[in-house]
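This report concerns only the one structure given below.
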Amino acid sequence: MITRIVKLHFQEDKIDSFLSFFETIKWQVANQPNCYGMKLLRDVNQPNVVFTYSKWESEEALNAYRDSELFGIVWPTIKPWFQEKAQAWSVEEWFDGFQK
């Protein structure tokens, strides 16, 4: 299993557009095959910076989503709203100290 963390830094006048758009696609993304779920996190000091945090069966599962029709709609829609280039990390979990 992998965790994907993506930092999205939006233009200040586009963050509301993103959040509205996200509401329309969040469950479609979270319910992709071999996706175990997704969270949207918002920076407390920079409200136009958000992170997506998603868990996938494998890198192949993530890449299948990135090659999907849905991603082909999502990315071209939000990319013009970026203030900075998106940053992304695929990581493996080594320790989980969160209480279930």
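Each reported figure results from applying straightforward, stated rules to the coordinates on display, with no laboratory input. In this text, all values refer to a predicted model and were calculated from it rather than measured experimentally. With ideal geometry, Cβ positions are generated from the backbone for all residues, glycine too; neighbour counts draw on all protein chains shown.
Data table
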read-out	value
Meets criteria (more than 14 Å from the chain's Cα centre (by Cα) and either surrounded by 15 or more Cβ atoms within 10 Å (Cβ to Cβ) or assigned to a helix (DSSP H, G or I) (or both)) for Ser17	yes
Filtered residue count, the range 74-87, keeping only those that are surrounded by 13 or more Cβ atoms within 10 Å (Cβ to Cβ) and closer than 18 Å to Ala30 by Cβ	3
Filter result for Trp89 (out of contact with any Gly (no Cβ under 9 Å at 6 or more places or on another chain), of a type outside the set (Gly, Ala, Ser) and assigned to a helix (DSSP H, G or I))	no
Failed criterion for Phe51 (all others in (1) part of a strand (DSSP E or B); (2) surrounded by fewer than 14 Cβ atoms within 10 Å (Cβ to Cβ) hold)	(2)
Selection from the range 54-73 of residues that are over 14 Å from Gln28 (Cβ atoms) and part of a loop (DSSP other than H, G, I, E, B)	Glu57, Ser58, Asp67
